[in-house]
Amino acid sequence: MFKNTLDNKRYYTLNYYYKKTYGSKVFKVALNGGFSCPNKDGKKGTGGCIYCSPSGSGDFAGNIKEDILTQFENIKNMMLEKWPDAKYIGYFQANSNTYASVEKLKELYEPILNVENVVGLNIATRSDCFNEDIYNYLDDLNKRTDLVIELGLQSIHEKTIELINRKESKEEFENCINELKKRNIKYVIHIINGLPGETKEDMIETAKYVNSLNPFGIKIHMLHVIKNTKLGDMYLENPFHILTKDEYIDIVINQLEYLNEDIVINRITGDPVKEDLIEPTWLLKKFVVLNDIDKEMVKRNTYQGIKTSSNS
């Protein structure tokens, strides 16, 4: 029996963390604060990462035409139909959500904190979207709520970073992690499996690197090839290998084995928009993927943080 679980999971789920911490279901309310990104607006590049959707990876975030509290209330009320006794996390998801002045951040963050039953904020951003004033404000927020900063790493391999047009250095990333650590601010690191040209070993090396940073959590994504992106155009013009479901499951399990058992697995697959997805179509069956990961971990008799897999 894995220690950080309430069910048959052999890895530390976010659902378990929330139930252990708050004694109830907690769900995220995905918001669009109208932020941009230094890799889109010309500060560091143009066009953004080649896989990034027009919505800035906020496909399920609130309607930008609505103010932030209206977004929150509309999404919250829909989700309460399923979980009527839940608490909430305000999740600033679309684009880079610290890419603004502290005054602007306060205008967006503070109203959410004042909503009843909001227990925290998750803020998705890039490591190059901080300054001392922002770190100090986040330090203050961290004393008042359950604050988590989400940072996209995607891969540690320079050839991949160049290919995907990341425009963000390893030094910037590690400096940001160090600043967050100094303030005891929790951080979640995103990685993507299946990036063009990467091997299974490359992806495992990225997971090992994430483990060395001792994050609060990790999000493991399968690459979405979607319409209206540079990656989508690249794939349609010259198709590259897309991981099969079995290949993805094998890689994820090997990655989990290298992750400390106290790292919270915030995500282990993806939620593509069906109408926008080019490949892989197997991602549309999210719960099949999750169940197959569970079954394969049982078959291998392996757990997060315990290196027992014979297929590594």
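Given the criteria touching an Asp or Glu at 6+ places or on another chain (Cβ under 8 Å) and either β-branched (Val, Ile, Thr) or touching a residue at least 24 places away in the same chain (Cβ under 8 Å) (or both), does residue 218 qualify?
Against the criterion (touching an Asp or Glu at 6+ places or on another chain (Cβ under 8 Å) and either β-branched (Val, Ile, Thr) or touching a residue at least 24 places away in the same chain (Cβ under 8 Å) (or both)), residue 218 does not qualify.
Would you say residue 192 is surrounded by 21 or more Cβ atoms within 10 Å (Cβ to Cβ), within 19 Å of the chain's Cα centre (by Cα) and either in a strand (DSSP E or B) or on the phi > 0 side of the Ramachandran plot (or both)?
In short, yes.
Being farther than 13 Å from residue 38 by Cα, in a loop (DSSP other than H, G, I, E, B) and under 14 Å from the mean Cα position of the chain (by Cα) is the filter here, so list the residues in segment 87-102 that pass it.
If the condition is that a residue be farther than 13 Å from residue 38 by Cα, in a loop (DSSP other than H, G, I, E, B) and under 14 Å from the mean Cα position of the chain (by Cα), then 93, 94 are the ones that fit.
Can you find even one residue in segment 261-272 that is in contact (Cβ under 8 Å) with a residue 12 or more places away in the chain and more than 18 Å from the chain's Cα centre (by Cα)?
Within segment 261-272, one or more residues are in contact (Cβ under 8 Å) with a residue 12 or more places away in the chain and more than 18 Å from the chain's Cα centre (by Cα).
Return the residues of segment 279-312 that are closer than 26 Å to residue 227 by Cβ, of a type in the set (Val, Ile, Thr) and surrounded by 18 or more Cβ atoms within 10 Å (Cβ to Cβ); say none if nothing qualifies. So that I can check it myself, show each step before the final result.
In the first step, residues of segment 279-312 are kept if they are closer than 26 Å to residue 227 by Cβ; the result is 279-290.
Narrowing the set further to residues that are of a type in the set (Val, Ile, Thr) leaves 281, 288-289.
Passing the criteria: only 289.
Which is in contact with a Gly (Cβ under 9 Å, 6 or more places away or on another chain) and touching a residue at least 12 places away in the same chain (Cβ under 8 Å), of 139, 133, 128, 146?
146
Filter segment 204-247 down to the residues that are touching a Ser or Thr at 6+ places or on another chain (Cβ under 8 Å) and in a helix (DSSP H, G or I), then identify the one that is surrounded by the fewest Cβ atoms within 10 Å (Cβ to Cβ).
So the residue we want is 204.
Suppose the filter is under 16 Å from residue 185 (Cα atoms) and surrounded by 16 or more Cβ atoms within 10 Å (Cβ to Cβ); does residue 99 pass it?
So residue 99 does not fit the description; no.
Considering only residues that are part of a strand (DSSP E or B) and among the polar types (S, T, N, Q), look in segment 1-48 and name the one that is modelled with the lowest pLDDT.
46
Inspect segment 280-289 for any residue being polar (S, T, N, Q) and free of Cβ contacts under 8 Å to residues at least 40 places away in the same chain and give the result as yes or no.
Within segment 280-289, one or more residues are polar (S, T, N, Q) and free of Cβ contacts under 8 Å to residues at least 40 places away in the same chain.
Looking only at segment 108-119, which residues are within 30 Å of residue 167 (Cβ to Cβ) and free of Cβ contacts under 8 Å to residues at least 60 places away in the same chain?
Of segment 108-119, the ones within 30 Å of residue 167 (Cβ to Cβ) are 108-109, 112.
Correct list: 109 only.
Quick one: would you say residue 261 is part of a loop (DSSP other than H, G, I, E, B), under 26 Å from residue 3 (Cβ atoms) and of a type in the set (D, E, K, R)?
Criteria met by residue 261.
The values are calculated or read from the model by the stated rules, or taken from the named source; none is laboratory data. Since the structure is predicted, the reported quantities are computational estimates derived from the model, not experimental observations. Backbone-built Cβ (ideal geometry, glycine too); neighbour counts: all protein chains shown.
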